[in-house]
Amino acid sequence: MMYGLARDGQAPASFARLSRQGVPWMTVLVMGVTLLGGVLLNYLIPKDVFLLIASLATFATVWVWLMILLTQVAMRRSMSREEVTQLKFAVPFWPYGPAAAIAFMLFIFGVLGYFPDNRAALIVGAIWIVLLLIAYGLWVKPKALNKTH
C-alpha cells in the first residue's frame, strides 16, 4: 500500500524505491519496525496490548466506513436528478439508510470514548487523523495544485 501511494506521489518517494530484487525495501523496513513496536508493547503492557490493538483496529475500521458513507452522500448530493436515475445500483433506503449507518458509526466512536479501556484508541486515532491531515496539507495537496496549474 505504501509503495503504491509513494508511486502516485501521495507518500514519501523513499517508499517507492525498490531493491535489486524488486522489493520496496523502505516499506518492508517500516513494517518491520512497526511489528517490533508491537512486540515491545506486548513486553511492556502484556495485559492491555490486545485490547489496545483491537480498539485501534476498531477505530480505523469505523473511520474508513464513516468516510466511505460521507463521500457517498456528498457524491450523491452533487449529482443531478438525471444522473441519479442512471445509477446502476440503487442505495437501499436512500437517504435514510446511509444516515442511519453514519449515526451508527458515530455511536461506535461514542462507545470507544465512553469505556476507559478503549479511550486510548480514540485519542490515538484522533491524533493520527490530525497528523495525516497535516501531512496531506504539506505534501500531497501542493503537488495536486501544481499539476492543475
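The values are calculated or read from the model by the stated rules, or taken from the named source; none is laboratory data. Bear in mind the structure is a predicted one, so any value in this text is a computation, not a measurement. Quick reminder, even Gly has a Cβ in these numbers, built from the backbone with ideal geometry, and neighbours come from all protein chains shown.
Output the residues belonging to the range 92-123 that are in contact (Cβ under 8 Å) with a residue 40 or more places away in the chain, within 26 Å of M75 (Cα to Cα) and surrounded by 13 or more Cβ atoms within 10 Å (Cβ to Cβ).
Once the filter is applied, which keeps residues that are in contact (Cβ under 8 Å) with a residue 40 or more places away in the chain, within 26 Å of M75 (Cα to Cα) and surrounded by 13 or more Cβ atoms within 10 Å (Cβ to Cβ), the range 92-123 yields M105, I108, F109.
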Q | Residue that is farthest from V62 (Cα to Cα) [pool: residues in the range 76-121 that are aliphatic (A, V, I, L, M) and in contact with a Ser or Thr (Cβ under 8 Å, 6 or more places away or on another chain)] | A | A120
Q. In the range 61-149, which helices (runs of 4 or more DSSP H) lie fully inside it and hold 2 or more residues that are of a type in the set (V, I, T), within 30 Å of K47 (Cβ to Cβ) and at pLDDT 90 or above?
A. 96-114, 116-135
Q. Residues in the range 24-51 that are among the aliphatic types (A, V, I, L, M) and within 29 Å of G137 (Cα to Cα): how many?
A. 7
Q.
The conditions are (1) outside the structural domain of W128 (by TED's automatic domain parsing); (2) surrounded by 13 or more Cβ atoms within 10 Å (Cβ to Cβ); (3) at pLDDT 95 or above, and G32 fails exactly one of them. Which is it?
A. (2)
(Q) Of everything in the range 19-30, what is free of Cβ contacts under 8 Å to residues at least 12 places away in the same chain and of a type in the set (A, V, I, L, M, F, W, C)? Give them in sequence order. (A) V23, W25, V28, L29
